[in-house]
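Down below is the structure, laid out as structure tokens.
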Amino acid sequence: MIFGAIEAGGTKFVCAVSDENLQILERSSIPTTTPQETMEHVFAFFKKYEVDAIGIGSFGPIDVNPKSETYGYITKTPKLAWQDYPFLAEMKKHFDVPYGWTTDVNAAAYGEIRKGAAFGNSSCIYITVGTGIGAGIVIDNKVIHGFGHPEAGHLLVRRHSEDSYEGNCPFHHDCLEGMAAGPAIENRFGEKAQNLGETHQAWEIEAFYLAQALVNYTLTVSPDKIIFGGGVMKQKQLYPLIYKEFDKLMNNYIVTPPLENYIVPCDLGDNAGITGCLLLAMDALEEDLKQK
Ligand code: ADP
Ligand code: ZN
């Protein structure tokens, strides 16, 4: 069997095909330009194979509601060329196979629970802190979709007392993403996050915002694990700062697992999304066979 995966990101699309053991046969990275241009490459990539199912984890927002007329579309993205793009329908025109369809971060959460840092558990939240902040949620071994999908990178946060940065989220200004994604750190301090020293005040402020999100995730979902990905989280000194702030905010209201085991870096790194997409493709095929 051959399974296909597309991790559709704002800067690049990663396409891969694997066998049923997740052994990657080929992988390709395609720049995200216009749908026309990018998707030509995507179609050409998969045309070389007889894929049995495809899993897609896409940047969004996307429509994940099967009852909706625009199911399978990328919807309100700031990437204007991709607004209202019928991603799934265009794929189906070329490859008439079962599809898994979810957000990039849900796919990564699914990869991490099946093969990574949350292995052996039935729920997890995956949060990536990079150019934006996104969070994917798996409960009962299923990615979460409601009328839509979680957008837990945009939680509303309290402001740090020494922080006057206005925030850069185009929708909410000072939401979590607006205050704590890589570009917010850069705008606040006039220097790329990776160039700030380990002891810079930036990290205490960063931990202050991230811990609030994690407390809210814990109070709402009570996941088995919270897993971090994304460029900003390469700053390992953030973890103890986040634990300290988390403890302060939670104030012993809930007894969580020990924080070093509960709030952890991802295991699969750049492979989390693709792994999740391949597994979603396998699930989609299995579901399809059940219905036949
Ligand atoms: P993307 O979100 O575009 O997929 P990244 O996760 O690498 O890619 O996020 C890019 C952002 O993360 C940039 O704002 C960059 O400044 C920041 N970043 C990348 N590497 C590091 C690092 N080692 N330490 C701190 N910040 C980083
Ligand atoms: Zn926002």
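The values are calculated or read from the model by the stated rules, or taken from the named source; none is laboratory data. This structure is a prediction, so every number in the text was calculated from the model and none was measured. A quick note on method: Cβ atoms are made from the backbone with ideal geometry, for glycine too, and the neighbour counts reach across all protein chains shown. Accessible surface areas use protein heavy atoms only, side chains included; no ligands, DNA or RNA. Shrake-Rupley method; radii C 1.70, N 1.55, O 1.52, S 1.80 Å.
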Cα→Cβ-extended label distance, 7 Å offset, between Lys248 and Leu219, nm
1.7 nm
Interchain or sequence-distant (5+) residues whose placed amide H lies within less than 5 Å of the amide H of Cys175 are Cys169
Residue order for Ser29, Ser68 - accessible surface, 1.4 angstrom probe, largest first
Ser29, Ser68
With charges only on Cβ, +1 for K and R and -1 for D and E, what is the dipole size of the chain about its Cα centre, in debye, rounded to 20?
80 debye
Give me the percent of accessible area attributable to carbon and sulfur for the chain, probe 1.4 angstrom.
49 percent
Output for the stretch 144-211: GluC sites (Glu not before Pro) sitting in coil per DSSP, at most 10 other Cβ within 10 Å, listed by number, reads Glu162, Glu198
From largest accessible area down, sort Thr11, Thr70; use a 1.4 Å probe on the protein chains.
Thr11, Thr70
Could you order Phe3, Phe208, Phe147 so the one with the most accessible surface comes first? Probe is 1.4 Å.
Phe147, Phe208, Phe3
With Cβ to Cβ distances under 9 Å as the rule, what net charge do the other residues near Phe3 carry (K, R +1; D, E -1)?
-3
Can you give the FRET efficiency to the nearest 0.05 for His172 and Tyr49, using r as the Cβ-Cβ distance and R₀ = 51 Å?
0.75
Rounded to the nearest 10 degrees, the helix 272-291 long axis (Cα) sits at an angle to the longest Cα principal axis of the chain of 50 degrees
Take every DSSP beta bridge with both residues inside the chain and express the antiparallel ones as a percent of the total, to the nearest 5.
55 percent
Share of antiparallel DSSP beta bridges in the stretch 3-103, in percent to the nearest 5?
60 percent
What ³J(HN,Hα) values, in whole Hz, does the Karplus curve 6.51 cos²θ - 1.76 cosθ + 1.60 give for the stretch 34-48 when θ = phi - 60°, with x put for Gly and Pro?
9, x, 4, 5, 4, 6, 3, 5, 4, 4, 4, 4, 7, 4, 6
Can you work out the Karplus-derived ³J(HN,Hα) for every residue in the stretch 5-16? Use 6.51 cos²θ - 1.76 cosθ + 1.60 with θ = phi - 60°, whole Hz, and x for glycine or proline.
9, 10, 9, 8, x, x, 9, 8, 9, 9, 10, 8
Residues other than Ser122 with Cβ under 14 Å of its Cβ, Lys/Arg counted +1 and Asp/Glu -1, net out at 0
With charges set only on the Cβ (+1 for Lys and Arg, -1 for Asp and Glu), what does the dipole of the stretch 87-148 come to about its Cα centre, in debye to the nearest 20?
80 debye
Label the stretch 34-173 by shape, choosing from rounded, prolate and oblate, from the square roots a ≥ b ≥ c of the eigenvalues of the Cα gyration tensor; if a/c is under 1.5 it is rounded, and otherwise prolate applies when a/b is larger than b/c, oblate when it is not.
oblate
So, how do all the Cα-to-Cα distances of the chain break down into 5 Å bins, in percent, from 0 on up?
1, 6, 12, 16, 18, 16, 13, 9, 6, 3, 1, 0, 0
Estimated 222 nm signal from helices in the chain, with DSSP H stretches of n ≥ 4 weighted -39500 (n - 2.57), rounded to 500:
-11000 deg cm²/dmol
Probe 1.4 Å, accessible area per residue of the chain, Å²
48 Å²
Could you pull the accessible area for Val255 with a 1.4 Å probe, rounded to 10 Å²?
140 Å²
Restricting to the stretch 117-267, what percent of DSSP beta bridges are antiparallel, rounded to 5?
55 percent
